[in-house]
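Enquirer: I'd like to ask some things about the structure below.
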Amino acid sequence: MTTIPESEVMQLHAEVCAALSEPKRLMIIYELADGRRHVTDLAAALHTPQPVISRHLKVLRERGVVAAERQGSMVVYSLADDRVVQALDLLRAFMATTLTDRARVASIPRAPGGEAPGTRSDA
């Protein structure tokens, strides 16, 4: 069995994360989670011009997130691996917890003198 160098794994990881860093691409992934779609269907569902959707699909395809299959003159897109949606959902859960924690901290009233409770300016 061949061992892949850690640097290559990290590079692939960074490339996949870069592909997922665009909100429209995330929307495409969630659309494809519901099943295979043509680019025109995705464009209509996301209210986005077809050439824009095609460019995003190209990036997702190059990173191995989306698969393309030719059916006659049309290309049908699908998720290459459904686990990408699970990963995105896990990230959303993490973000929800983080945002809740931040909101809780932001709602703590300031102590007299402008200091947050438990802090000291003379320390």
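No value in this document is a laboratory result; all are computed from the given coordinates. None of these values were measured; they are calculated from a predicted model. Methodologically, a virtual Cβ is constructed for each residue, glycine included, from the backbone with ideal geometry; neighbour enumeration extends over all protein chains shown.
Enquirer: State whether the chain is rounded, prolate or oblate according to the following rule on the C-alpha gyration tensor (a ≥ b ≥ c being the square roots of its eigenvalues): a/c under 1.5 gives rounded; otherwise a/b larger than b/c gives prolate, and the remaining case gives oblate.
Expert: prolate
Enquirer: Based solely on its DSSP helices, what 222 nm [θ] is calculated for the chain when runs of n ≥ 4 H residues each add -39,500 (n - 2.57) and the sum is averaged over all residues, nearest 500 deg cm²/dmol?
Expert: -18000 deg cm²/dmol
Enquirer: Given charges of +1 on the Cβ of Lys and Arg and -1 on the Cβ of Asp and Glu, with all other atoms neutral, how large is the dipole of the chain about its Cα centre, in debye to the nearest 20?
Expert: 320
Enquirer: Continuing with this model, one more query. How high is the relative contact order of the chain, in percent, with contacts defined as C-alpha pairs under 8 Å that are six or more residues apart?
Expert: RCO, the chain: 20 percent.
Enquirer: If packing is taken as the average count of other Cβ atoms within 10 Å, what order do 72-84, 21-33, 92-104 fall into, highest mean first?
Expert: Sorting 72-84, 21-33, 92-104 by mean packing, highest first, produces 21-33, 72-84, 92-104.
Enquirer: Using only Cα atoms, find the angle between the long axis of helix 23-32 and the longest principal axis of the chain, and express it within 0 to 90 degrees, rounded to the nearest 10.
Expert: Relative to the chain, helix 23-32 is tipped by roughly 50 degrees.
Enquirer: While we're here: So how do 43-52, 56-65 stack up, highest first, on mean other-Cβ count within 10 Å?
Expert: 56-65, 43-52
Enquirer: Shifting gears a bit: Helix 50-62: angle to the longest alpha-carbon principal axis of the chain, degrees 0 to 90, nearest 10?
Expert: Around 80 degrees separate the two axes.
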